[in-house]
Amino acid sequence: MDYGIVIPVYYGRSFIQRALDSVFAQEGISGHLNVFIIEDGTPEPEDVKDLITTYPVHYVKLAENHGVFYARFVGLSQLPSTVEFCAFLDQDDAWHSQFLSHLTAILMQDETLGFAACNARILNAHGNYILYQDRRPNLLFTDLKVANQLISPSQVLIRRKALEKLNWDMDLPYPGADDWLLWLSILSQGYQATYTDEVLLDYYDHAAGAHHRKHIMAKSEEYIVEHWFPRLRLTKWDQRLYKGRIGWDHIVQGLRTKNLHHLVKGLNYLVRDPIAVNAARQFRRRHRKNHIV
């Protein structure tokens, strides 16, 4: 059983050896690890080429920076046909030793599963904590269309067949939500997804992390909703409900933090589409009641 591991790198010298050490410390697997490092336009001498010479990996250097979405697709296109399961590991994350074996076992039990996700330990300057404690993802397509429930592709193992029919044209000008687009693209084909509470990933939260650039993340999501939802045959209502959820989240945040800017922004959504905002309110209430992210 062969695996395809794609690690996009951009100014990753501080992280890459930790990530690679975690890949080659995997236990309980058979087959071959096809590991591709995609250097996304990092200039010399800041690239990682000299740091990875002792690892059995394939190194691909892109002349210009295209973003992680493009880099992942380049890596995916390089994988040999023998690969059955794929994973996209971010340069600043690290897997636990049972990541591949445990998620593989889950996927092997049900061929309708396009991907399986694990819980994660978040590490930052203040300590560490478990990502999903009181709530957990359900990864239903109907819910993922409204809001992403995963923080990183690093916590996911994907069935290779679920990626073969994806028709991507590299059209995602804003980075950040590319993993959300990936999950939606897989599930739109009819695949299912599942989650395990096992903590199999260390997610390093640092100032340069993409999730801290919230305005860019918002633009990325908005672009997906406007341009990719129709390509995935999602409906106008799906677009409205997503926007209603954004509006409701602004209202809740504005009331909770007494932030007038968020409150006014949310009320503007409410005025434009009260039906969608009310549906999003019920969506959030249902998730809270059922302990879903």
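Rule-based calculations on the coordinates, nothing more; no lab input. These figures come from a predicted structure and were not determined experimentally. Positions of Cβ are generated from backbone atoms using ideal geometry, with glycine treated the same way; all protein chains shown enter the neighbour counts.
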Per the 1/(1 + (r/R0)^6) rule, R0 = 51 Å and r from the Cβ atoms of L267 and T112, FRET efficiency to 0.05 is 0.75
Counting all Cα-Cα pairs in segment 235-289, those more than 17 Å apart amount in percent to 32 percent
Computed about the Cα centre, the charge dipole of segment 235-289 from +1 Lys/Arg and -1 Asp/Glu charges at the Cβ has a magnitude in debye, to the nearest 20, of 240 debye
Rounded to a whole number, the Stokes-Einstein D of segment 146-197 in µm²/s (Kirkwood radius over Cα pairs; 37 °C; 0.692 mPa s) is 269 µm²/s
Quick calc: nm separation of the 7 Å Cα→Cβ label points for D197 and N124 -> 2.4 nm
So for R0 = 22 Å, FRET eff. of S30-S77 from the Cβ-Cβ r, to 0.05, ends up at 0.30
Helix 99-108: inclination vs the chain longest Cα principal axis, degrees, rounded to 10, gives 70 degrees
Semi-axes a, b, c in Å (a largest) for the chain, each sqrt of 5 times a Cα gyration tensor eigenvalue, come to 32, 21, 19
Lys pairs in segment 131-244 with Cα under 28 Å (8 or more apart in sequence, or on separate chains) total 12
Contour minus Cα-Cα span, W237 to K161, at 0.36 nm per residue, comes to 24.4 nm
re segment 53-182: pairs of Cα atoms spaced beyond 23 Å account for a percent value of 39 percent
Note to self, the chain gives a 222 nm [θ] from helices alone (DSSP H runs n ≥ 4, -39500 (n - 2.57) apiece, / all residues, nearest 500) of -11000 deg cm²/dmol
Per-residue Cβ contact counts at 10 Å, fewest first, order F229, F88 as F229, F88
The exposure ranking of Y242, Y59, fewest beta-carbon neighbours within 10 Å first, is Y59, Y242
A correct fewest-to-most ranking of S30, S185 by other Cβ atoms within 10 Å would be S30, S185
Residue separation between D134 and K61 times 0.36 nm, minus their alpha-carbon distance, gives in nm 22.1 nm
With 0.36 nm assigned to each residue of separation and the Cα-Cα distance removed, K214 to R13 gains 69.9 nm
